[in-house]
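Below is one structure; the comments refer to it alone.
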Amino acid sequence: MSEFLRKHWTYLIGAVLLHVVFVGVFGLTMLKFARKPQPVTLAIQAVVVDRSVIERTQRQQQRDRAQEREQQRQQQEAEQRKQQERREAEQKVEQQRQQEQKQREDQQRREVEEQQVREKQEAERKVQAEAERKAQVEAERQRKAEEERKRVAEIERKQKEEAERRKAADDTRAQQQREAELRKQLESEEGENELKQSDAYAAYRLMIARHIERYWNKPPSARAGVVCEVTITQAPTGSVLSVRAGECGDGAMRQSIEVAVQRASPLPTPEDPRLFDRTVILQFKPE
């Protein structure tokens, strides 16, 4: 605020004088309307301001501001010099610290390198000693290995001769056994064929067919005289594991037969276990 007054004091004085004049004129006017006095001559008081005084004051203010700016500049330069000197001192201290740190690190590195050289030499000595020991051990191992190889070769030769002798005997027994099993299989197949061609086997198959017919529901599309081949897989207990009807009639006919077989499970079992057949193929001819 003081700075503003110093810069604009001339304008402020003129504004104050101008307001005084306006107030005087306004007051006189009001008195004139209030009463009618004798005409008088109004006198306006004014203050005459010497311009040279204003100019000297302005020049003095400019010199003061210039001096203030110069003082501020000098203070800033002095502060900058102090900061520069402080930075330089800090840099010298830091350089000295870094140099000492580098010397310590160099000393430590030399000590580490010397220690590494000593350790390397000691390691090489140990490696050399270990290599010589391993060479001796390897030579002894090879000698023993050669003796063991010869011993094993002799054993393998004897075992091979014994194996060949046993193989010849086993081959002879296996050949005899295969011939016996083949004769037994042929006899079994002949017996099985005779059994399946017997009346008992036919009665067993017929019993299964009649059992299934009792569970069959005739579809509307069924035709008289239709014969369907049905393949049934069953467990030893007669439980139906799977069923498939061959090509006969339409899909409804085949499905009705398969459903009948599933509903008829378990199927009847024969009195003679030899007649049991895991896979039964029937010619299903429902009446």
task: Could you please tell me which pairs satisfy a Cβ distance under 7 Å, a separation of 6+ or placement on different chains, a first residue in the range 173-198 that is more than 13 Å from Leu275 (Cα to Cα) and modelled with pLDDT of 60 or more, and a second residue that is surrounded by 10 or more Cβ atoms within 10 Å (Cβ to Cβ) and basic (Lys, Arg)?
output: none
- prompt: Quick check: anything in the range 34-47 modelled with pLDDT under 75, over 60 Å from the mean Cα position of the chain (by Cα) and part of a helix (DSSP H, G or I)?
  reply: yes
Filter result for Leu206 (loosely packed, with under 13 Cβ neighbours inside 10 Å, among the hydrophobic types (A, V, I, L, M, F, W, C), at pLDDT 85 or above and under 60 Å from the mean Cα position of the chain (by Cα)): no
statement: Only one of Cys248, Cys228 is surrounded by 12 or more Cβ atoms within 10 Å (Cβ to Cβ) and farther than 30 Å from Glu194 by Cβ, namely Cys248
- prompt: Is it true that Arg118 is modelled with pLDDT under 90 and assigned to a helix (DSSP H, G or I)?
  reply: no
- request: Could you look through the range 47-102, keep only residues that are among the acidic types (Asp, Glu) and under 20 Å from Gly14 (Cβ atoms), and pick out the one that is surrounded by the fewest Cβ atoms within 10 Å (Cβ to Cβ)?
  value: Asp50
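The values are calculated or read from the model by the stated rules, or taken from the named source; none is laboratory data. What you see is a predicted model, and the numbers here were worked out from it, not measured in a lab. Neighbour counts are summed over all protein chains in view; Cβ atoms, including those assigned to glycine, are modelled from backbone coordinates with ideal geometry.
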